[in-house]
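Inspection log for the structure reproduced underneath, given as C-alpha cells.
The values are calculated or read from the model by the stated rules, or taken from the named source; none is laboratory data. Bear in mind the structure is a predicted one, so any value in this text is a computation, not a measurement. Here Cβ is always computed from backbone atoms with ideal geometry, including for glycine, and neighbour counts include all displayed protein chains.
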Amino acid sequence: MSPSGARTPLEEGELLAAIDIGSNSFHMVVARHVLGQLRIVDRLREMVRMAAGLDGRGGLDPAAMLRALDCLSRFGQRLDGVPPQRVRAIATNTVRALRNPRTFLLPAETALGHAIEVVAGREEARLIYLGVAQGLPPKSRRRLVIDIGGGSTEFIIGHGFEPLERESVQVGCVATTRRFFGGGRISRKRWREAATEVAAELQQFAAAYRARGWQEVIGSSGTIKAIGAMHRELKLSRGVITREGIGQLRDMLIAAGGVEGTRLPGLSEERRPVIPGGLLVLEAAFEALGVDSMQVAETAMREGILYDLLGRAQDRDPRDASIAAMAQRYGVDTAQSQRVEDTALALFDQVRDDWELADEDRLMLAWAARIHEIGLSIAHSQYHHHSAYVAEHSDIAGFSRQEQQVLAALLRCHRRALSASALKSLPERLEQSTLRNVLLLRLAVLLHRNRTTQSLPEFELRVGAGRIDLALPASWLESRSLTRNDLEAERDHLAAIDLRLNLPDR
C-alpha cells in the first residue's frame, strides 16, 4: 500500500538515469520511458578503481578521490535535462568501508549535482539480481547469480524477478588482488594460500545455498565478462565460463609468474591489473558452491537501479512491501498505525508547500507511521529507542543506509524529548525535512494516544517562522484533558528547539 498521491506519475518520453558508483568502475545508464518500458539511450563507463585508494584505516587517498570526482563531474554534465527525481546514484563497498563516508559524499554529490545513496551489501545484491533478471528471458527456473565487484562479491539465489537469498562478501577483484598479489607476483603456493582464505569467507553460507539449490548459474560484472571473453578467445568454450577453463587461466598466470608476464587474449589493459583477484574469487566460488559452468549476463546493477527507479515511479516500490513485512513481523497494531498515518499525512499536506517538502518526504513519513510502534514488541519502556534501533540496523530491502537513518530518526524522535544527536547524524541535506516530518509524526501520535476508533474533528495546521499553529475545536479539546495536557507538554518539548506551538485558548 502506498500513500495516495505520494509519487509524481512518470510521463511518456521522460528520461531516467542510474549511476553505479562501484569500487572498480563507475557506470551510468540513461533510459527513456516509452509505452511503459525503458529504452536505453546512453551508457557511460569509466574505470576509476576507487578501491585501490583505500588505505586500510578507512581513508581514501587524494588520487583516488580526484579520479572519482572528475568522473562524477562528467556524469553530472550528461544528466542535464534528466528530471532530478528520476536520477538515482548508488555507492557500494568502497564508500561503505570509509571511516567517515561524508568526506567523500559531500564533494561527490557536488560534482554529480545529485544526492548519492550508500547501500548495504544485501541491498546491493538485490539490485544486482533485479538488473540481471531484467536482461534474461523469463523462466520458471531458479537462478544463482554471482557478481564480482571491486571490493565485494554478491551471491543471490532468485526465481523470476524475486531474490530469495542474498549475501555479500568482502572479497572483490581490486581488494583481493591488493591483498594477495600486491607485488604483482603469482606463485602456486601464494595462489593456494589465497584460495584457502577466500574459501573460508564463503563457507559461512555455502552449505545453505547448496541446500537451497538452483537450475542455472549467471555471472555479472566486468570481471566475469572479461573471464568469459578470455574463454572465448582462447577457445576454452564459446563464452560460457567453466571450472576447467578457470583452472587453465589460473595455470597460465602462475606459469608466467604474474599477469604482466603473459598474453591473455580477451583481457583489456585496464582490467589486466585486477584480474588475478577476480579469477581467484570466481574459482573459490565455483569450488565452494559446486558450480561447473556459468552463463555471462550483459546486465548488472546499473540496470537494476534503473528498473528499481521505474518501479518506484509506478507504485511498485519494494520499500512498501518491506515496511509491511516489518509491521507484521513485530506485531504492529495496524489499525492504530493507519490512524496515525492518515493524520500525519493530512498534516503534511497542509504544510507541504510552506515547508518545501517533497514526495519522498511524504513517503518516509507514511512508512514511519506504519512502524513507529515496532519497539513495543521488545519493551514498552523507551520503546521508541527500540523502534529506532530495529529500523536502522535491520536488512530492509529497497532502503539505502541514509534512508534507514532517516527512518530511525523519525522513530527515535516521535515521542518524549527530541534527540539532537539522531538528527545531527543525518546527511545535512536531510536534516531539515526530517525534523519537519518528526514534528508532524509527533502531533499525529499524540492526537491518537487514546487509540479509539472515533474520528478526529476537523483540524488545521499553519506554520511560520519559529512557530506552529494547531487549530482544533476548543470544545473538543476541553473535553479531552489528557490530549490537552499532552499538547501542552509538547509545547515545552518544542520550546527546547526554539519552536513555539500555539494551541486554542482554554
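A compact table of results
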quantity: Number of the exception - Pro107 against (1) under 30 Å from Ile157 (Cα atoms); (2) part of a helix (DSSP H, G or I); calculated: (1)
quantity: Failed item, numbered, when Ala465 is tested on (1) free of Cβ contacts under 8 Å to residues at least 12 places away in the same chain; (2) under 22 Å from Ala409 (Cβ atoms); (3) of a type outside the set (S, T, N, Q); calculated: (2)
quantity: Extreme residue, surrounded by the fewest Cβ atoms within 10 Å (Cβ to Cβ), among residues of region 412-452 that are touching a Phe, Trp or Tyr at 6+ places or on another chain (Cβ under 9 Å) and within 26 Å of Val118 (Cβ to Cβ); calculated: Gln432
quantity: Selection count where residues are within 18 Å of Arg263 (Cα to Cα), in contact (Cβ under 8 Å) with a residue 24 or more places away in the chain and out of contact with any Asp or Glu (no Cβ under 6 Å at 6 or more places or on another chain), scope region 238-248; calculated: 1
quantity: Enumeration of residues in region 464-488 that are in a helix (DSSP H, G or I), more than 25 Å from Ala422 (Cβ to Cβ) and of a type in the set (A, V, I, L, M, F, W, C); calculated: Ala474, Trp476, Leu477, Leu482
quantity: Helices (runs of 4 or more DSSP H) contained in region 309-402 and holding at least 1 residues modelled with pLDDT of 95 or more, closer than 23 Å to Ser425 by Cβ and within 18 Å of the chain's Cα centre (by Cα); calculated: 318-329, 359-371, 383-393
quantity: Residues of region 449-463 satisfying the condition of being of a type in the set (A, V, I, L, M) and part of a loop (DSSP other than H, G, I, E, B); calculated: Leu456
quantity: Matching entry among Val240, Val217, Val198 (being at pLDDT 95 or above, surrounded by 22 or more Cβ atoms within 10 Å (Cβ to Cβ) and of a type in the set (Val, Ile, Thr)); calculated: Val198
quantity: Among the candidates Leu423, Leu418, Leu410, Leu443, residue that is free of Cβ contacts under 8 Å to residues at least 40 places away in the same chain and at negative phi; calculated: Leu423
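Residues are listed down the side, and each one gets a yes or a no for (1) farther than 24 Å from Ser425 by Cα; (2) of a type in the set (D, E, K, R):
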position: Glu12; (1), (2): yes, yes
position: Ser25; (1), (2): yes, no
position: Gly53; (1), (2): yes, no
position: Phe75; (1), (2): yes, no
position: Arg78; (1), (2): yes, yes
position: Val82; (1), (2): yes, no
position: Leu106; (1), (2): no, no
position: Val118; (1), (2): no, no
